[in-house]
Each structure stands twice: as C-alpha cells, then as structure tokens.
C-alpha cells in the first residue's frame with residue numbers, strides 16, 4: 001500500500017480512538033456532576049425529615065451515600081490520570097501523524113526530496129507510533145481513510161484549503177460551541193453562590209428556621225455550596241475557558257499566515273516549505289498546549 005494511504009488509515013484509527021476515550025471522559029464528568037448534586041440534595045432533605053418518618057430519612061441518607069460512592073468509583077476508574085493520559089497521548093500522536101501527512105502531501109520539508117521522501121516519511125511515522133505502543137490495545141477498528149489526505153496535493157491551494165482554512169473553521173466553530181456552555185455554567189454557579197450568601201446572611205440574623213417554616217436553612221446553604229463547587233470543578237476539569245482562548249488564538253495565527261500567502265509558490269521550494277512549517281508549528285504548539293493543560297489533573 002502507498003505509504004500516504006496507509007498513514008491516513010492509521011491516523012484515522014488513532015483519531016477515532018482518541019475521540020472514544022474523550023467521549024467516555026466527558027460523559028463521566030457530566031454524570032458525576034449530576035450525581036453529586038442529587039446526592040447533596042438527598043442528604044439535605046434527609047436531615048430535615050421528621051423523626052416519625054425515620055424510614056424515609058434512612059432511605060434518603062442511604063441513597064445519598066450510594067450516589068456519592070458511585071461518583072467516587074467513576075472518578076477513580078474513568079477520570080484518573082491514566083485515563084486522561086491515554087486520551088491526551090493518543091490525540092497528540094494522531095495530530096502529530098496528521099501534521100506529517102500534510103507535509104508529505106504538500107511536498108514540504110523534510111519530505112521535499114522526491115528520492116528519499118517516502119523513506120523519511122515512514123521513519124517519522126514509526127517514531128510517532130513508538131510513543132503509543134502501550135495504548136495499542138485501546139485502538140478502535142480500522143474503518144479506512146479519515147480526514148487526512150491519502151494522495152499528494154496537486155497544488156499549493158489544496159494545502160491552503162484542506163489544511164489551513166479547514167483548521168481555522170474548525171477552531172472557530174469549537175470555540176463558539178464551548179462559549180455558551182462555559183457561560184451557562186458560570187451563570188449557574190454565580191446564582192447558587194449568591195443565593196447561598198443571601199441565605200447565610202438571613203440565617204445569621206433570624207436563626208436557622210427562617211419565617212417559622214420549620215426548615216433548617218443551614219442545610220440548604222450546604223446544598224447550594226456543594227452543587228456550586230461541583231460545577232466549578234467540572235468547568236475546571238473540562239478547561240472550557242482555556243480551550244476557547246486557545247482555539248481562537250490559533251485560528252487568528254493561521255489566518256495571519258494566510259494573509260501573507262504568496263500566490264506564486266513553487267512546489268517544492270524553500271519558501272513553500274517555510275510556509276508549511278510555520279502553519280504546522282502553529283498547530284503543533286496548540287496541540288502541545290492543551291496536552292500540557294489537560295495533563296494537570
């Protein structure tokens with residue numbers, strides 16, 4: 001098989017595997033956030049159930065404890081350093097291979113020497129693959145070529161369209177998708193924190209049973225604080241603000257490179273290789289930045 005077609009299939013497999021690992025992490029984070037909130041609510045209600053309803057108080061307390069146990073189990077099994085590292089390493093390898101594929105397809109250095117291009121490309125591919133040898137058991141089934149090119153580009157415009165412009169559009173779309181989620185989480189956490197502060201101030205003046213309602217509002221404050229903390233932890237673990245800023249900054253840098261494009265690029269040539277290298281460096285820098293950020297758990 002042609003080395004480019006083979007590499008495209010391999011990169012597609014790595015990319016799908018990384019997506020699957022990330023999907024598991026994302027779903028687990030949302031699940032633990034939801035279960036933590038429900039557990040806090042059950043615990044607060046249990047503390048308020050009258051003594052004549054001890055059976056209900058016990059049920060709620062047990063349910064709260066069970067949910068917290070599930071949260072702890074899911075966090076340790078699916079959100080630990082090993083799981084996050086497997087995802088980030090698989091994604092990093094996928095993006096590194098994709099970068100090499102685009103350089104090779106564009107006839108850019110170090111693959112601009114037709115005589116030795118295939119040999120150097122295979123060496124680079126093997127070097128990247130060595131970094132994830134221990135993750136091969138996680139690979140998804142091979143489903144053929146993915147988004148990376150499987151044939152050489154016919155002209156510089158192909159690289160500009162397929163690599164640079166598509167990446168700019170992808171980064172901007174992802175940033176736009178994450179922005180409302182981050183904003184919504186911040187708004188909810190702000191509202192819960194404000195409500196907790198108001199209740200705490202009111203309790204400090206009127207006592208735990210406000211307005212003679214017979215409900216311990218200190219327990220409510222605890223619920224609000226717990227849920228707010230869980231939301232903050234979820235937002236921090238998902239790195240929404242970081243990703244939004246990084247994606248938009250990377251899209252801007254690539255856009256700046258496009259503005260300096262020479263329409264008369266000769267391929268291959270030092271100028272063309274230099275341009276491709278700058279674009280790929282921008283992408284690899286972004287890749288390294290989020291890998292380092294998500295590696296801090």
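The values are calculated or read from the model by the stated rules, or taken from the named source; none is laboratory data. Here the structure is a predicted model, which means the values were calculated and not measured. Cβ: placed from backbone, ideal geometry, glycine included. Neighbour counts: every protein chain shown.
Within the stretch 264-289, the set of residues being surrounded by fewer than 18 Cβ atoms within 10 Å (Cβ to Cβ) and not in a loop (DSSP other than H, G, I, E, B) comprises 270, 271, 274, 277, 278, 281, 284, 285, 288, 289.
Tally the residues that are part of a helix (DSSP H, G or I) and under 24 Å from the mean Cα position of the chain (by Cα), restricting the search to the stretch 137-196.
Going residue by residue through the stretch 137-196, those that are part of a helix (DSSP H, G or I) are 137-138, 156-196.
From what is left, the residues that are under 24 Å from the mean Cα position of the chain (by Cα) are 137-138, 162-190.
Selection size over the stretch 137-196: 31.
Within the stretch 45-89, the residues that satisfy the criterion of being more than 25 Å from residue 234 (Cβ to Cβ) and part of a loop (DSSP other than H, G, I, E, B) are 49, 50. Somewhere in the stretch 230-252, is a residue crowded, with 16+ Cβ neighbours inside 10 Å and at pLDDT below 85? No, every residue in the stretch 230-252 fails to be crowded, with 16+ Cβ neighbours inside 10 Å and at pLDDT below 85. Against the definition (crowded, with 18+ Cβ neighbours inside 10 Å and without any contact (Cβ under 8 Å) to a residue 24 or more places away in the chain), how does residue 93 come out, yes or no? Answer is no for this residue.
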